[in-house]
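The values are calculated or read from the model by the stated rules, or taken from the named source; none is laboratory data. This structure is a prediction, so every number in the text was calculated from the model and none was measured. Cβ placement follows ideal geometry from the backbone for every residue including glycine, while neighbour counts extend to all protein chains displayed. To get the accessible areas, we keep the full protein, side chains included, count just its heavy atoms, and leave off ligands, DNA and RNA. Shrake-Rupley method; radii C 1.70, N 1.55, O 1.52, S 1.80 Å.
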Amino acid sequence: AEGTGVTVRGMSYVRSELNGRDSFSANGGRSLSFEDVPPELMAGVDVYKNPSAEQIEGAIGGLVNLRTALPFDFKGAKGAVSVQESRSQLRGKNSPSLSGLVSNRWKTGFGEFGALLDLARSRIDTRSDGMQISPYIARTDAVVGDTSGAKRWISGGDSWTTNNFERERDGLYGALQWKKYALSSHLTYFRSKYDMSTTEAALSASANPATIMLDPGAVFDDRGVLLAGTIRAPKDPGVGIGTDSRSTGRTSDTRDVAWNLQWRATDQWVFSGDLQHTRATTDGYDNTVGMGAYAPKEGVDFRSSPPKLTFDDADRAFLANPNNYYWGFTQEHRDEAVAAQNAARLDAKFTFDSPVLNDLRFGVRFTNRSAETRATHGNNQWHEITQPWAVGSDGWQPFSKLAYLSDPRFAGNASAVPFNNFFGGKVATPPSIVVPNLSLSQGTPPPGFTQLHDMVKVLCNGTCSGDALWNYALFGDPESRNLQHEK
């Protein structure tokens, strides 16, 4: 859950999210999940609803300790292998996961020693489909031929999106343990690395509900809410259609080294100390390229769940033809962050020989935490390639016309993408839509953005300048840089 602290062998991480991406908490560690720890490595899970003073704070409503195994948790040699395969029905792809543990312990003249090693690798491949209905507004003149003046609630359409997600995780855990008489010690090393990417194709109908018109025969419920009908935009060149392709990627890496020493001085006194160093890094990008078109009409049917866009043969032919699209916009984002924590603690416990008092515990702890995040200026930088509002001759409009792919100067770099098996086949879809090639939105920064914005300079009214002049967004400037330091 958000805000729940996770402790591995007594050292704390706190879950934190920034813009839906892996990020860093004030204590410098990336959040851990149960999936970070393979099943054979789990020695136990302790859940504290009301943490005591000796436990590291950071959780909001409780504390969860994931106790990873140490060599002395086993009587002797130990080996284990875990194999798993998952399948995404929409993606139609199987994804394997594999982890293995080996551990042993030995008695020598210098005490008893133990060593443990665990390796893990997993992959996830999924797909998700989404649909969103545009907001409704009230109209009394939206249906052709309807002069009753009745209030109707009209939506401009809906949008679709489908994306493929891929994630690879590599995990490494090692532990050394020693004990002799009243002394014992262990050293652990933990590393978890993620590589994630998402590719997305989307279609949106952006008709203006304040000006659209519905063909006769539109269906409304008893409150006047539009249920089904055919939408046209007679005051515009057509029903506004937008398509885009989006690429996101992220790499996250967390490393943790911890050392513990314990001394049982007497039957009543026990002293222990811990040292820990944690370092976490992450970097990612999220880039989109969009296109636009004006369709003659748009059919909607909101009576089913999920709702539907309906198309006849002419609509399908229109959406599949690249010549009907123009280059619309680019949007870029990238970020990188690094965080570190050094921690030390010294604890003591005195045990009473009393039927009333059990023990008295006290200790001290020191932490030094730092984090730096750098991102694209404004977080996301949107810029038009060509847009209808930027075309004209009023002086402030930079372009003479839209960059349609029917013009040989702007052709290519786009392809037809089908919405196969959309919502598991529950939604009727067009055979394909035209979206920008994914290669245009990949990279940090994406080199395809320069190609697109330079391409349309031939349409400038005079010289593109001011807001119309595109450059890659500033990165890591003072407004887009976050430094944290806590002792």
For this session: Treat each spin label as a single point 7 Å out from the Cα along the C-beta direction, and report the Asp170 to Asp46 distance in nm.
Result: 3.3
Exercise. Using alpha carbon centroids, what distance separates the stretch 239-295 and the stretch 352-424, in Å?
Worked result: 16
For this session: Holding the Cα-Cα limit at 21 Å, pick out from Lys75/Lys179; Lys151/Lys297; Lys49/Lys349; Lys49/Lys75 the pairs that are longer than that.
Result: Lys151/Lys297; Lys49/Lys349; Lys49/Lys75
Exercise. What percent do you get for the relative contact order of the stretch 52-135 when only Cα pairs under 8 Å and 6+ apart count?
Worked result: 26
Exercise. Where the accessible area of the stretch 342-487 is counted over protein heavy atoms with a 1.4 Å probe, how much of it, in %, is carbon and sulfur?
Worked result: 52
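At 0.36 nm per residue, minus the direct Cα-Cα distance, what do Asp353 and Ser393 gain on full extension? Give it in nm, one decimal, please.
Result for the pair: 5.1 nm of gain on full extension.
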Exercise. Using a 1.4 Å probe, what is the accessible area per residue for the chain, in Å²?
Worked result: 50
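Quick one: divide the alpha-carbon radius of gyration of the stretch 52-101 by 2.2 N^0.38 Å and tell me what you get. All intermediate terms of the calculation are to be shown ahead of the outcome.
Working: Rg = 18.4 Å, N = 50, 2.2 N^0.38 = 9.7 Å.
Cα-based Rg divided by the globular estimate yields 1.89.
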Exercise. How large is ³J(HN,Hα) for each residue in the stretch 125-140, as worked out from phi by the Karplus curve 6.51 cos²θ - 1.76 cosθ + 1.60 (θ = phi - 60°), to whole Hz, x for Gly and Pro?
Worked result: 10, 9, 9, 9, 10, x, 8, 9, 8, 5, x, 9, 10, 8, 9, 10
Seminar exercise, completed: Whole-Hz Karplus couplings 3J(HN,Hα) for the stretch 273-282, θ = phi - 60° and coefficients 6.51, -1.76, 1.60, Gly and Pro as x, run x, 9, 10, 8, 10, 10, 9, 9, 10, 8
Exercise. Gain in length, Asp313 to Ala182, computed as 0.36 nm per residue apart minus the alpha-carbon separation, to one decimal in nm?
Worked result: 38.8 nm
Exercise. Under the rule of -39500 (n - 2.57) per DSSP H run of 4 or more residues, summed and divided by the residues of the chain, what mean residue ellipticity at 222 nm is obtained, to the nearest 500 deg cm²/dmol?
Worked result: -1000 deg cm²/dmol
Seminar exercise, completed: the stretch 200-258: spread of alpha-carbon positions along the three principal axes, whole Å, largest first, is 71, 32, 17
Seminar exercise, completed: Non-local residues with an amide H under 5 Å from the amide H of Val143, with H modelled 1.01 Å from N and Pro and chain starts lacking one, are Leu214
Problem set entry | Cα-based Rg and Dmax for the chain, where Dmax is the largest Cα-Cα distance (Å) | 30.0, 100
Exercise. Nearest 0.05, what FRET efficiency do Ser439 and Thr140 give at R0 = 60 Å with Cβ-Cβ as r?
Worked result: 0.80
Problem set entry | Estimated inter-spin distance, Asp221 and Ser305, nm [label 7 Å along Cα→Cβ] | 1.1
For this session: Would you grab the residues whose amide H sits under 5 Å from the one on Ala207? Only those 5+ places off in sequence or on another chain, please, with H modelled 1.01 Å from N.
Result: Gly240
For this session: Take peptides 431-438, 137-144 and line them up by average Cβ neighbours within 10 Å, highest first, as a rough protection proxy.
Result: 431-438, 137-144
Exercise. Given labels modelled 7 Å from the Cα in the Cβ direction, how far is it in nm from Lys487 to Val81?
Worked result: 5.1
For this session: Starting at the first residue of the stretch 227-235, write each ³J(HN,Hα) from the Karplus equation 6.51 cos²θ - 1.76 cosθ + 1.60 with θ = phi - 60°, in whole Hz, x for Gly and Pro.
Result: 10, 7, x, 10, 9, 10, 10, x, 8
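Mean 1/r over all different Cα pairs, inverted: what Kirkwood radius does the stretch 340-487 give, in Å? Let's see the in-between values first.
Values: mean 1/r = 0.0464 Å⁻¹.
Kirkwood hydrodynamic radius for the stretch 340-487: 21.6 Å.
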Exercise. Dividing the Cα radius of gyration by the Kirkwood radius, what Rg/Rh value follows for the stretch 180-325?
Worked result: 1.44
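If contacts are Cα pairs under 8 angstrom and at least 6 residues apart, what is the relative contact order of the chain in percent?
Working: 1263 pairs, mean separation 57.2, N = 487.
After rounding, I find 12 percent.
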Problem set entry | Radius of gyration and Dmax over the Cα atoms of the stretch 145-264, both given in Å | 30.4, 96
Exercise. Rg to Rh ratio, the stretch 309-349, alpha-carbon atoms and Kirkwood radius?
Worked result: 1.65
For this session: Find the relative contact order for the stretch 246-304 and round it to a whole percent, using C-alpha pairs within less than 8 Å whose residues are 6+ positions apart.
Result: 41
